[in-house]
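Scroll down for the structure; my scribbles are underneath it.
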Amino acid sequence: MDKNPVDKEEEPPRPGMVERFMKVTGKARVFFGPAQSSSLDHPMTAENEALLQQQRSEADQWETETRADGSTYIVPRRVR
């Protein structure tokens, strides 16, 4: 016996994009394992401290200039 199209049961809604993405990445974790995470409150190693100081000294050689139209660019820092 055919059902009346007016009385047909409602289909469940399709899963949203986020739900589909989470399902796909969940399947990917089977192959790649969970994401690696570490706490941010561990002490900095001497090697990382030296690298940070080097990066800061390199960054101090430059300054950001802003044009009248709002665009920015970097130039060597002027000695004041």
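None of the figures in this text is laboratory data; all of them are computed from the coordinates on show. Everything quoted here is computed from the prediction, not taken from an experiment. All Cβ positions, even for glycine, are placed from backbone atoms using ideal geometry, and neighbour counts span all protein chains on display.
Between R56 and F31, the simple spin-label model (points 7 angstrom out along Cα→Cβ) gives 4.3 nm. Estimated at 0.36 nm per residue, the fully extended path between V75 and V24 surpasses their Cα-Cα distance by 13.9 nm.
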